[in-house]
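Have a look at the structure below before the remarks.
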Amino acid sequence: MNKTSNIFVISAPSGGGKTSLVNGLLEQVDNLRLSISYTTRDKREGEEHGKNYYFVKEDEFKRMQSESKFIEDAEVFGNYYGTAKEKVTKLLDEGIDVVLEIDWQGAKQIKENFPEALLIFVLPPGLDTLKQRLESRAKDDSQTIQRRLSQATHEISNYKLFDYLVVNDDFNECLGQIISIVNATRLKRSRRELDLRDLLKKLIP
Ligand code: 5GP
């Protein structure tokens, strides 16, 4: 991992608005890329292979898993999800920051493997709001929505793993807070010493 690049993990329960927040973040902050995960789940309407996910069959996923191709992987709602090591390390080596939009199990593994990674958890303002958001996006049947709601409480109960908590009540305010976290991380001494070495040399002759 390049000394100046960062991994930002963004997690939220399903319907927490994380995808819109990540899209807003990528639009407003440069030198930041989203890692596209592998998944065995079925493609939803409007989703594209290589854009939303790499949609693969379970045997391919298992093969990648056994060949240690993932820096983290987890089973969520009966499907497998994983982050490809090769793609992430390439970006980090190029000095590009990477955003991982993954669940808490993945976040935990990332923190273990990359202790410098910044973990951000997006809380919904209430369970009722979460339910409304899941229903209005109309992508899942009612049984799935119910399952996702009960999973939400479990997901949220792992909030202590995370470095930052933001509440997605007002979208712009929440996005602004996430941008502040990214900007503040980029100003950390450990990330700046390298590119400021000439200035520091001049200032401390
Ligand atoms: P969905 O199927 O609704 O796109 O995602 C379901 C859950 O899986 C979300 O919480 C999402 O963040 C998580 N997820 C997506 N990609 C990954 C991944 O690569 N690793 C892990 N651990 N979770 C992921």
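Structure note, pairs 87/160; 62/87; 18/57; 108/131; 18/62; 3/85: Cα-Cα distances above 22 angstrom occur for 87/160; 18/57; 108/131; 18/62. Working from the Cα coordinates of the stretch 1-137, the gyration tensor eigenvalues give, after taking √(5λ), semi-axes of 23, 20, 14 Å in decreasing order. Taken over the stretch 84-169, the convex hull of the Cα atoms encloses 126 Å³ per residue. From its DSSP helices (H runs of at least four residues, each -39,500 (n - 2.57)), the chain gives a residue-normalised ellipticity at 222 nm of -13000 deg cm²/dmol.
Here the gap between residue 36 and residue 49, fully extended at 0.36 nm per residue and compared with their Cα-Cα distance, gives a gain of 3.7 nm.
Based on Cα contacts under 8 Å between residues 6+ apart, the chain shows a relative contact order of 31 percent. Once the C-beta distance of residue 23 and residue 57 is scaled by a Förster radius of 35 Å, the resulting FRET efficiency is 0.80 to the nearest 0.05.
The length gained by stretching the chain between residue 90 and residue 161 to full extension, at 0.36 nm per residue less their Cα-Cα distance, is 23.0 nm.
Footprinting exposure proxy ranking of 73, 59, fewest other C-beta atoms within 10 angstrom first, gives 59, 73. Under the convention that each Lys and Arg Cβ holds +1 and each Asp and Glu Cβ holds -1, the size of the dipole of the chain around its Cα centre is about 580 debye.
Using the average count of surrounding beta-carbon atoms within 10 Å as a protection proxy, the listed peptides 14-26, 41-53 rank, highest first, as 14-26, 41-53. Its residue count N fixes a reference of 2.2 N^0.38 Å for the stretch 1-49, and the Cα radius of gyration divided by that reference is 1.37. Charged side chains reduced to their Cβ positions (Lys and Arg at +1, Asp and Glu at -1) give the stretch 1-118 a dipole of some 80 debye around its Cα centre. Amide hydrogen proximity for residue 34: with H placed 1.01 Å from N in the peptide plane, the residues at 5 or more positions away or on another chain lying under 5 Å are 99.
Taking the fewest neighbouring Cβ atoms within 10 Å as the starting point, the ordered list for 70, 77, 55 is 77, 55, 70.
If only the Cβ of Lys and Arg carry +1 and only the Cβ of Asp and Glu carry -1, the dipole of the stretch 67-132 around its Cα centre is close to 100 debye. Summing Lys, Arg as +1 and Asp, Glu as -1, what charge do residues with Cβ under 13 Å from the Cβ of residue 70 carry, residue 70 excluded? Spelling it out: positives minus negatives among the neighbours equals -1.
Spacing of the modelled spin labels on residue 186 and residue 170, each 7 Å from Cα toward Cβ, amounts to 2.4 nm. Other residues within the sphere of radius under 13 Å centred on the Cβ of residue 102, judged by their own Cβ, net out at -3 (K and R +1, D and E -1).
Every read-out reported here was derived from the displayed coordinates using simple, explicitly stated rules and does not represent laboratory data. Computed from a predicted structure; not experimentally measured. No Cβ is skipped: glycine too gets one built from the backbone with ideal geometry, and neighbour counts run over all protein chains shown.
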